[in-house]
Each structure stands twice: as C-alpha cells, then as structure tokens.
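In what follows, a single structure is set out as structure tokens and then discussed.
What follows draws every value from the coordinates through simple rules; no lab data is involved. Predicted, not measured: the structure shown is a model, and the values here were computed from it.
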Amino acid sequence: MSQIQQTMNDNPAMTPTRLLTPAEAAEILVIPVSTLNAWRAQKIELPYVHIGRLVRYRPEDVAALIRRNTVRPE
C-alpha cells in the first residue's frame, strides 16, 4: 500500500469524492453552465475546486446549495 493510500485510510476526511464537472453540476441544478460560470466569476453561490485549468464541484456543495435555497411553505 502506498503512503498516500495509507494516509487516506488513516484519515476518513481525506476519502476521495467524485467531483462533478460544470456540466454535471448544471444538470443537477437545472441551470445553464453559463450561470455557474457567472457565479464563479462573481465568487457567489457555489464553492468550486480548481485543479490546474479544470473546475470541479463537490457533490456535497451542490446538495448544500439546494438545501439553502429550499423554501418550505408554512
């Protein structure tokens, strides 16, 4: 087992999560990718991960956005 795998096994917080592409996140949110691009440029709404030139979204952040914007009628 590699040192990286051992470190990840020893620390559950480091368990890798499949990151979503902008297209996948937009599909889940039922919004255009251009909206995600605008939010990213304005640094609002949805945290993102920048890996080199790639932009990805954590599924838990997308779910949190949905929860924050859910309106519950009284």
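A compact table of results
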item	result
Net length gained if the chain between ARG72 and GLU45 were fully extended (0.36 nm per residue, minus Cα distance)	7.7 nm
Largest to smallest principal axis extent of the C-alpha atoms in the range 17-68, angstrom	29, 25, 17
